[in-house]
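Before any comments, here is the structure.
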Amino acid sequence: MIEGGARLDGAVKICGAKNSVLPVMAAALLAEQPLRVPNAPQLHDVGTMAVLLRELGASVERYADGGVEICAEGPLSDKAPWETVRKMRASICVLGPLLARLGRADVSLPGGCVFGVRPIDVHLKGFEALGAKVRVEHGFIVAEAPKGGLRGAEVFLGTAFGSSVTGTANVLMAAVLARGRTVIHYAACEPEVEDLCRCLVAMGAKIEGIGSPMLVIDGVERLGGATHAVIPDRIEAGTYLSAGAMTGGRVRVTDMRPVHLSAYLDRMREAGLPFECGPDWVETQPQQESSGAHGFPPRPRPTDVTTQTYPGFPTDLQAQWMTQMCFADGVSVINEVIYPDRYMHVAELARLGAQVRRQGTTAIVQGKASLSGAKVMASDLRASAALVLAGLAAQGKTEVYRVYHIDRGYEKIEQRLIALGAKITRAKE
Ligand code: EPU
């Protein structure tokens, strides 16, 4: 429950990246020795991955201050059940490690997603290239390595929409224990994939071309334990910067990597939203003049966005950007190319008075001087974040229902926003 209109002020420290820690936790299945992630965030999805890894036979310890330690000494099970996998698509990341370590994996298909079909064909294509036999049976992906184990190969992992983040992660994790050399062409270049590579190298893997679209992996016999701190969450950072900018406040987002947000910061500049930047922080600058209605900060310039793979504008910040543009002084065009149906927030933003029209993959946002608080329903993680942002900047009270989605990817969001001066409370539904 949010009382809108408070100007945010203060500092917020960014947590370890959700989309790094989930595949990194799955990578622990590749070794008998423990993998420690000291800065694993306290997220619901991390809990789900911990449950899944335990079901597979690993021990997982979660520390009170965040951080996890996983030990997959064995024996391990090769079956990842539907009951857990259905809760989180990133569960698919256990497929590659299980196949590499056990020679067999039986992982439930993750199923549909609220923002559309999310295929996994390139994951399977990659495993097949490494010699595995893959079939779908009773809702499970059954993958079996050939006698003698997986063998290195050249594989192109591009999809019709660009590279695949978890597809690259999965095939990479299978290839590190394969015999010989694997070359992944059109690998995803997202910082989270680079981070996974660094974790695997710390465990003893041999990978060249880290951070580039061509990864060269020389398989090793076994991997060992390691301690790996994951990179800061760039999407969490962008979301708090949006909160600062939308309330005209001074919000310093610390312990982040501005270079991972260069597309987003470019759009902030284009929109005329002032910020300062240091080596590991970005701070939105307060806006003095109150030209908007009811004392709201000056309105941003309308600014178009097309989502792209890294280093382009991330789809995981599209909903938040749309919310910002709902207050712009004119019309912005948003083009969602990665997930054409990732527009669940549009109808809910309309309940606050936003004017957004959708045509295919495009949303046309007619900015307004103000939105008015309302009851809205969250549909998924980033849509929830966008609705909370809208509530912070709208007039009056906004109630976001099904807000549990937000706990999948934002650690203690209401506490952090309260510390910045937001009027927000969490109520039991
Ligand atoms: N695609 C295919 N075939 C495949 C795999 C993907 O056609 O086999 C298509 C998808 O339909 C999509 C595009 O390729 O159009 C990219 O999908 P990708 O595989 O990269 O997505 P993902 O790995 O399932 C990760 C993040 C998502 C994020 C996307 C895009 C994790 C755990 N999840 O998903 O994060 O939106 O990359 O950057 O890393 C979120 O954090 O809210 C979230 C949804």
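A few comments on the model shown:
- Each Lys and Arg contributes +1 and each Asp and Glu -1, all at the Cβ; summed about the Cα centre of the range 203-293, the dipole is approximately 60 debye.
- Y401 accessible area, assembled protein chains, probe 1.4 Å, Å²: 80
- A straight chain from K13 to V117 at 0.36 nm per residue would run longer than the Cα-Cα distance by 34.1 nm.
- Anisotropy class of the range 158-299 from Cα gyration tensor, a/c 1.5 cut: prolate
- Counting only protein heavy atoms and a probe of 1.4 Å, the accessible surface of the range 159-203 is 55% carbon and sulfur.
- Assuming charge only on the beta carbon of Lys and Arg (+1) and of Asp and Glu (-1), the dipole of the range 22-128 about its Cα centre is about 260 debye to the nearest 20.
- Per-residue SASA entry for V400, accessible area with 1.4 Å probe, Å² rounded to 10: 20
- For P110, neighbours were defined as the other residues whose beta-carbon sits under 12 Å from its Cβ, and their charges (Lys and Arg +1, Asp and Glu -1) total +4.
- For the range 2-10, 3J(HN,Hα) computed residue by residue from phi via the Karplus equation (6.51, -1.76, 1.60; θ = phi - 60°) reads 10, 9, x, x, 6, 7, 7, 8, x Hz, glycine and proline entered as x.
- Eligible lysines near K147 by straight Cα distance, threshold 30 Å, same-chain separation 8 or greater: K79, K125, K133, K206
- Placing R0 at 35 angstrom, the Cβ-Cβ distance between A350 and D266 gives a FRET efficiency of 0.80 after rounding to 0.05.
- Using a simple spin-label model with pseudo-atoms 7 Å out from Cα toward Cβ, D218 and V331 lie 5.8 nm apart.
- Highest-MSF residue in the chain out of P146, P191, P110 [GNM, Cα springs under 10 Å]: P146
- Value at 222 nm in deg cm²/dmol, rounded to 500, when DSSP H runs of n ≥ 4 in the chain each add -39,500 (n - 2.57): -8000 deg cm²/dmol
- Cα centroid separation, the range 55-71 to the range 150-193 (Å): 26
- Each peptide among 31-37, 414-420 gets the average number of other Cβ atoms lying within 10 Å of its residues, and from highest to lowest they stand as 31-37, 414-420.
- Cut-off under 5 Å, modelled amide H: who pairs with T306 long-range: N335
- Largest GNM mean-square fluctuation across E83, E128, E73, computed for the chain with C-alpha springs under 10 Å, falls on E83.
- Using only side-chain charges placed at the Cβ, +1 for Lys and Arg and -1 for Asp and Glu, the dipole size of the range 18-227 relative to its Cα centre rounds to 360 debye.
- FRET E, pair R135, K79, Förster distance 25 Å, beta-carbon r, rounded to 0.05: 0.95
- D280/Y404 FRET efficiency (R0 35 Å; Cβ-Cβ; nearest 0.05): 0.70
- Relative frequency of Cα-Cα separations exceeding 23 Å in the range 40-195, percent: 37
- Normalised by 2.2 N^0.38 Å, where N is the number of residues, the alpha-carbon radius of gyration of the chain equals 0.99.
The values are calculated or read from the model by the stated rules, or taken from the named source; none is laboratory data. Note that the coordinates shown come from a computational prediction; the quantities given were computed from them, not determined experimentally. Cβ coordinates were reconstructed from backbone atoms using ideal geometry, including for glycine residues, and neighbour counts include every protein chain displayed. Please note that ligands, DNA and RNA were not included when accessible areas were found on the heavy atoms of the full protein model with its side chains. Shrake-Rupley method; radii C 1.70, N 1.55, O 1.52, S 1.80 Å.
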